[in-house]
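First up is the structure itself, then whatever we jot down about it.
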Amino acid sequence: MFLLRYIVLPPLIALLANLLLGRWWGRKTTATLACGSVLLSFLVSLRDSYYLYMITLPETRVASDVMFTWLSIGRFEIPVEFVLDPLSGAMCLIITGVGFLIHLYSVGYMWHDPGFRRFFVYLNLFIVFMLLLVLADNLLLLFVGWEGVGLCSYLLIGFWHADMKNASAGKKAFVVNRIGDLGFLIGLLLVFAAFNTLSVSEMQEIISDAIARHLPLPLAPLAATVICLCLFVGACGKSAQIPLYVWLPDAMAGPTPVSALIHAATMVTAGVYMIARLHFLYAFSPFASGVVAVVGAATAIYAAIIGLAQNDIKKVLAYSTVSQLGYMFLAVGVGAYTFGIFHLATHAFFKALLFLGSGSVIHALSGEQDLRKMGGLCRRLPVTFWTFLAGTLAIAGVWPLAGFFSKDEILIAARLAETPLISGRALFAVGLSAAFLTAFYMGRLFVMAFLGPCRVEADKQHHIHESPWTMTVPLIVLALLSAVGGAAGVYHHSFARWLSPLYGAPDAAPPAVEHFVMAASLAVAFGGLALSFLFYLQAPTLPDRLARTAGWLYRWVAEKFYVDELYEWIVVRPVYYVGVAGQAFDKHVVDRAVNWTGGGLKGAGFLLSFFQSGNVGTYAIWFLIGVSILLHVMR
Amino acid sequence: MNILSALVFFPIAGALLIAIWPCAERTSWRMALIASAGEFLLSLKMALLFDPNSGLMQMVEQSEWIPTFGITYLLGVDGVSLGLVVLTGALTPIVVLSAWGSIQKQIRAYLAGMLLLEGAMVGSFLALDLVLFFLFWELMLIPMAILIGVWGGPRRIYSAIKFFLYTAFGSALMLVSILSLAYLHMESRNLLTFNFLILKDLILPPHVSLYLFLGFALAFAIKVPVFPFHTWLPDAHTEAPTGGSVILAGVLLKFGVYGFFRFCLPLFPDIAMRAAPWLAGLGVVGIVYGALVSMVQTDIKRLVAFSSVSHLGFCMLGLFAFTVEGMAGSLFVCLAHGVSTGALFLLVGFLYDRRHTRDISEFGGITQVMPFYAAVFVITALASAGLPGLCGFVGEFLSLAGAFLSQSLPHARLLTVAAATAVILSAVYLLWMVQRVFFGALSNDKNRRLADLTLRERCAILPLIGLMIWMGVYPEPILARMRPTLDMLRTFVMLKRGQIERELQRNDTAPDIAPAPMEKPGSPADRPPRETV
């Protein structure tokens, strides 16, 4: 017996209670309700996943729960139906597990904020929509969750709305996401046109049925490519890939727990999840898969380069997230769905950890985010320091921490990939370079924040303090997960076996390739870290000298390649001026035509009024003229 | 008394009572409140009596009116009009509730006008006799023009006259079409009637129905409004009092769409299908154009007015896709737009009552003084922007999907993709406005003392918020009541179109049998009797 709806309902009930009744109870009750509901969701997910695991035949590990019919008209019959399979089970556990830890952390982080209750209402709402996204069987329902998490992202980025900068960042995130959503929506309609259904399980059945019975497939290769590319546009928006990544760095304007939960661990991975969910479509289109892989690899290295030159601790982590998401797309693009999801999971652990750690630093430094004004915090914030160290090593890919295993598997898959667009060697080279840069910028961040001399401003020095337990406990748990999560996943291929009903058992790579990739990725991890220690700890003047030597190059990178400015000039302003032109056209052409019509009629009436002189004699003349014309005509 | 007649005449009686009964303004306001609430309950009762499994006209009420000219008093409700009548019933009490404190002069006349308007609107939705329909159609023009002209803003006279003349121009041509239609029916079947249920079986040759169609379509296109007949709308909206705007956006515009559904499709299916690419195309132009122009507005109300042009474009696109999904989407957009845009106008009115300006640049950081107001405004804006889970999405998605899957509409996919850009643009213009009005620092000192919504205002807006969520989360009961009617309407349209084509082919083979009467719209009645061949 599965209780799928009870995964989604607890946070929904908690948020309604806090929204409607919260004003009558204190922060403690609000926090307990909000955190407790997510914990409950986690426990139910755990229970349901366990039941799923207990089903002996792996192929039948699917459970579903229909709540009610949402839309039914014409050919559309869309129920609110939740489906749990190994993939959505894993996602639910990540969302509710990491989500609970971040809720707990937020209690401490947001305790003094006047918007405490509002914050937890938004956060719970996010969990609801995210669970809806991963549990939905119907693509339209998935789209509801998809847009819903976008809404929560908008609300939470602009949480401190009194600062226009935050509000702008929220709007930017929403609008850029909507550009992606346009692609998603069109993809959705194309799917319906091809399959006559939006249910993923039905689509899969139609395809496997066609293959089994050697019938023609419901979609031509070209159609499959178009569908996959349209959906990928949606994924690019949500998961911040080139060219739609620009919103994510700005999204750091939100409170740090939000960055951890939404903009690192869960929401931004929705695009990866969606492609993994629709892997059977992408299997039909090597071209579209190749595009996914290339965009992923390009984003991975591009964002890593930008990350090198950022001085805001959260911005570095944001570009790191973009880059790591690129890895995930690289993985799903080359068909390594299992490892894409595996990296999604480990990334959720260590990136949430890193963000929460940075939050702890920011909290301790009274809001300071500039790396140049940190340093030497290792003694003052010991728990944060050690957990952050674990996160840094994990993301850099140091054995035996989580990032090593997932990244390694992706690199092997990329090395062996055969895509029509680009050779596997090139993808591997790009991925490896990005791994090197990742190790370097993370080492840089770590050194600048925790080691070396303390550069904190004097007035902030005296109240540097370690965070309360609600903040450190999540850090410790996530550090443990970052440390052992990867090893646990590859132990006896447990993670791959869990997902095997969807993706089959992964092929073993040739040992030579495996060993070569392993050695290379370890080398770049240590190399990157060592180089960053050399640059920022041993010879702190070196980076500045380098930056000065390559002045314009450094500035170009530090200013994020001026992409925001480019978009401003080629998209934002033109659209705005088209609007201005439309407004002028409306006023001076369309409306003037209307008024001229009215004026013309008025003028005609004025001229005709001269005939109505009131003089009977004149009327008689006109009458006579009229009659003679008539007689002439009718003759 | 039949419930439909009660629905039509109850508010009119209320209007008369309020107009002639001398009592305190507050008492008349309460009377209007009770009357409109009673009307709403009546409309709910009608919805309960409505059989969701039937696509036929229900609760039909018929009696002789002017037998000499074949004019009957004929009312009926089906899946197309049901939702719109309930929407009318739901919006009017809200408008009456919001009028107190907002309307500064002659509130009794205002309330009487509003109730009269409600009666006329309900009558138009329910009337199935063309003369009766036309009567109610014109009847609703007058109170609306007066509402704008008396209680409106600084340019109210210009706007009221523009609104009146523009729509009257359309309806004049519609009257010509109505008369010609009845005349042609009498000629071919020897029965003078204005009963729509009989007239809709009449089959006309294409060159005749083209003119008649144009007469109807122009009236409805102006009402929708379809680009480029929309310019009366921003002016009327900007100048109208809050309640007038709510009713104008919420109900009045829907008459255009309703008219296409009710009259244009069944009467002239062949022409409607031939005109579909044009009208759907204009709808798409309206969607994009309205959104772009909306984006650069500086007056909040004007912005919302242009967003209406954009939203109503979805109605045209879905309707002329000739798929059940698209038609349902079109109708659902009507209802959803009525709720969400009605609510937006109401909310803008609340702000105007406090600050007497609607200029976006006058505001900023309003959330800090009016948090509740900001919350409901953001929800409403998101509903209007088509966020899934709120009312706007269901209709827009169904319209788009219906158009995308349409077999009869040429370039359907291209049109759909163009229309779908509204997904981006609506987020841009609404959220940008929200950002400039509500977020940022509280920079203008005049806004520092603004009070949050009063209890009366909350009572007016919260039901609409509830409706937005309900319609987005569980639209099934609404769609279920449309389904049989739309199925039947579509079948009827397709069948009749086939019949017309067959008849045409027959005429092609034997061209000299019964050539169709050539009509010039403008002089149908005094034409000499046709010489039979």
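The values are calculated or read from the model by the stated rules, or taken from the named source; none is laboratory data. Please read these numbers as outputs of a predicted model, since none were measured by experiment. Cβ: placed from backbone, ideal geometry, glycine included. Neighbour counts: every protein chain shown. Quick note on the areas: whole protein, heavy atoms, side chains included, nothing else; ligands and nucleic acids left out. Shrake-Rupley method; radii C 1.70, N 1.55, O 1.52, S 1.80 Å.
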- Message: Among the residues that make up region A:180-196, is at least one of them open to solvent by 10 Å² or more (accessible area, probe 1.4 Å) and among the charged types (D, E, K, R)?
- Response: no
- Message: I'd like the full set of residues that are within 20 Å of A:Tyr245 (Cβ to Cβ) and β-branched (Val, Ile, Thr), limited to region A:532-574.
- Response: A:Val557, A:Val563, A:Ile570, A:Val571, A:Val572
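Take the residues in region A:579-594 that are open to solvent by 80 Å² or more (accessible area, probe 1.4 Å) and under 30 Å from B:Ala427 (Cβ atoms), then tell me which one is farthest from the other protein chains (Cβ to nearest Cβ).
Kept after step one, since they are open to solvent by 80 Å² or more (accessible area, probe 1.4 Å), are these residues of region A:579-594: A:585, A:587-588, A:592.
If we keep only those that are under 30 Å from B:Ala427 (Cβ atoms) as well, we get A:585, A:587-588.
Details: A:Phe585: 8, A:Lys587: 9, A:His588: 11 Å.
Among those that are open to solvent by 80 Å² or more (accessible area, probe 1.4 Å) and under 30 Å from B:Ala427 (Cβ atoms), it is A:His588.
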- In region A:498-524, which residue that is farther than 17 Å from A:Ile410 by Cβ and part of a loop (DSSP other than H, G, I, E, B) is modelled with the lowest pLDDT? A:Ala505
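Quick one: in region B:32-71, which of the residues that are among the hydroxyl-bearing types (Ser, Thr, Tyr) and under 25 Å from A:Ile73 (Cβ atoms) is surrounded by the fewest Cβ atoms within 10 Å (Cβ to Cβ)?
Here is the first cut: in region B:32-71, the ones among the hydroxyl-bearing types (Ser, Thr, Tyr) are B:36, B:43, B:54, B:63, B:68.
Cutting the leftovers down to under 25 Å from A:Ile73 (Cβ atoms) gives us B:43, B:54.
Values: B:Ser43: 23, B:Ser54: 14.
If we take residues in region B:32-71 being among the hydroxyl-bearing types (Ser, Thr, Tyr) and under 25 Å from A:Ile73 (Cβ atoms), then B:Ser54 is surrounded by the fewest Cβ atoms within 10 Å (Cβ to Cβ).
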- Message: Which numbered condition in (1) in a loop (DSSP other than H, G, I, E, B); (2) under 28 Å from A:His103 (Cα atoms) is the only one that A:Phe404 fails?
- Response: (1)
- Item | Test for A:His263: is it free of Cβ contacts under 8 Å to residues at least 24 places away in the same chain and either touching a Ser or Thr at 6+ places or on another chain (Cβ under 8 Å) or not in a helix (DSSP H, G or I) (or both) | no
- Item | From the options B:Val288, B:Val251, B:Val246, residue that is open to solvent by 10 Å² or more (accessible area, probe 1.4 Å) and either over 18 Å from the mean Cα position of the chain (by Cα) or touching a residue at least 40 places away in the same chain (Cβ under 8 Å) (or both) | B:Val288
- Among (1) at the interface with chain B (Cβ under 8 Å from one of its Cβ atoms); (2) touching a residue at least 40 places away in the same chain (Cβ under 8 Å); (3) of a type in the set (D, E, K, R), which single condition is A:Lys171 missing? (2)
- May I ask you to list the residues in region A:29-75 that are assigned to a strand (DSSP E or B) and open to solvent by 60 Å² or more (accessible area, probe 1.4 Å)? A:Ser64, A:Val66, A:Met67, A:Phe68
- Given region B:314-420, what helices (runs of 4 or more DSSP H) lie entirely inside it while holding 3 or more residues that are of a type in the set (Phe, Trp, Tyr) and on the phi < 0 side of the Ramachandran plot? B:324-355, B:371-384, B:391-404
- Is it the case that A:Val175 is open to solvent by 10 Å² or more (accessible area, probe 1.4 Å), touching a Leu at 6+ places or on another chain (Cβ under 8 Å) and over 24 Å from A:Leu135 (Cα atoms)? yes
- What pairs can you find where one residue is in region B:37-51 and small (Gly, Ala, Ser), the other is open to solvent by 40 Å² or more (accessible area, probe 1.4 Å), and their Cβ atoms are less than 8 Å apart, with a gap of 6+ or different chains? B:Gly38/B:Phe10; B:Ala47/B:Arg481
- Query: Would a scan of region B:460-472 turn up a residue that is touching a Ser or Thr at 6+ places or on another chain (Cβ under 8 Å), within 13 Å of another protein chain (Cβ to nearest Cβ) and open to solvent by 20 Å² or more (accessible area, probe 1.4 Å)?
  - Reply: no
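If you take the residues of region A:438-454 that are hydrophobic (A, V, I, L, M, F, W, C) and open to solvent by 30 Å² or more (accessible area, probe 1.4 Å), which of them is modelled with the highest pLDDT? Before the answer, list the steps.
At the first step, the residues of region A:438-454 found to be hydrophobic (A, V, I, L, M, F, W, C) are A:439-440, A:442, A:445-451, A:454.
Next, from what is left, pick out any that are open to solvent by 30 Å² or more (accessible area, probe 1.4 Å): A:451, A:454.
Details: A:Leu451: 89, A:Cys454: 85.
Among them, the one singled out is A:Leu451.
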- In region B:367-397, anything more than 10 Å from chain A (Cβ to nearest Cβ) and either buried (at least 24 other Cβ atoms within 10 Å of the Cβ) or of a type in the set (S, T, N, Q) (or both) is listed as B:Phe377, B:Thr380, B:Ala381, B:Ala383, B:Ser384, B:Cys391, B:Gly392, B:Gly395
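I need the full set of residues from region A:195-218 which are closer than 18 Å to A:Arg277 by Cα, assigned to a helix (DSSP H, G or I) and of a type outside the set (Phe, Trp, Tyr), in order please.
Taking region A:195-218 as the starting set, the residues that turn out to be closer than 18 Å to A:Arg277 by Cα are A:195, A:197-208.
Okay, now just the ones that are also assigned to a helix (DSSP H, G or I), so A:195, A:200-208.
Residues satisfying the conditions are A:Val200, A:Ser201, A:Glu202, A:Met203, A:Gln204, A:Glu205, A:Ile206, A:Ile207, A:Ser208.
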- Task: Name the residue, out of A:Thr597, A:Thr618, A:Thr549, that is closer than 24 Å to A:Met448 by Cβ and either open to solvent by 80 Å² or more (accessible area, probe 1.4 Å) or more than 14 Å from chain B (Cβ to nearest Cβ) (or both).
- Result: A:Thr549
- Query: Within region A:227-255, can you find the residues that are under 10 Å from A:Val295 (Cβ atoms) and either in a helix (DSSP H, G or I) or touching a strand residue (DSSP E or B) at 6+ places or on another chain (Cβ under 8 Å) (or both)?
  - Reply: A:Phe232, A:Ala235, A:Cys236
- Message: On the basis of being within 25 Å of the chain's Cα centre (by Cα) and either more than 8 Å from chain A (Cβ to nearest Cβ) or not polar (S, T, N, Q) (or both), does B:Phe438 make the cut?
- Response: no
- Note on the structure: A:Tyr491 passes all but one of the listed conditions (1) free of Cβ contacts under 8 Å to residues at least 60 places away in the same chain; (2) touching a Leu at 6+ places or on another chain (Cβ under 8 Å); (3) of a type in the set (Phe, Trp, Tyr); the exception is number (2)
- Item | One residue from B:Leu405, B:Leu415, B:Leu431, B:Leu400 being more than 9 Å from chain A (Cβ to nearest Cβ) and surrounded by 19 or more Cβ atoms within 10 Å (Cβ to Cβ) | B:Leu415
- Task: Tell me, please, whether a residue that is at pLDDT below 95 and within 23 Å of B:Ala401 (Cα to Cα) can be found in region B:226-238.
- Result: yes
- Determine whether B:Leu282 is within 14 Å of the chain's Cα centre (by Cα) and either open to solvent by 10 Å² or more (accessible area, probe 1.4 Å) or away from chain A (no Cβ under 14 Å) (or both). no
- Task: Can you confirm whether region A:107-114 contains a residue that is open to solvent by 10 Å² or more (accessible area, probe 1.4 Å), within 11 Å of chain B (Cβ to nearest Cβ) and at pLDDT below 95?
- Result: yes
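So that you can scan it fast, the table gives a plain yes or no per residue for (1) touching a Leu at 6+ places or on another chain (Cβ under 7 Å); (2) β-branched (Val, Ile, Thr):
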| site | (1), (2) |
| --- | --- |
| A:Ile179 | yes, yes |
| A:Phe184 | yes, no |
| A:Leu188 | yes, no |
| A:Gln204 | no, no |
| A:Phe232 | no, no |
| A:Gln241 | yes, no |
- Message: Can you tell me which condition A:Ala193 does not meet? The list is (1) within 10 Å of another protein chain (Cβ to nearest Cβ); (2) out of contact with any Cys (no Cβ under 7 Å at 6 or more places or on another chain); (3) among the small types (Gly, Ala, Ser); (4) within 30 Å of B:Met433 (Cα to Cα), and all the others hold.
- Response: (4)
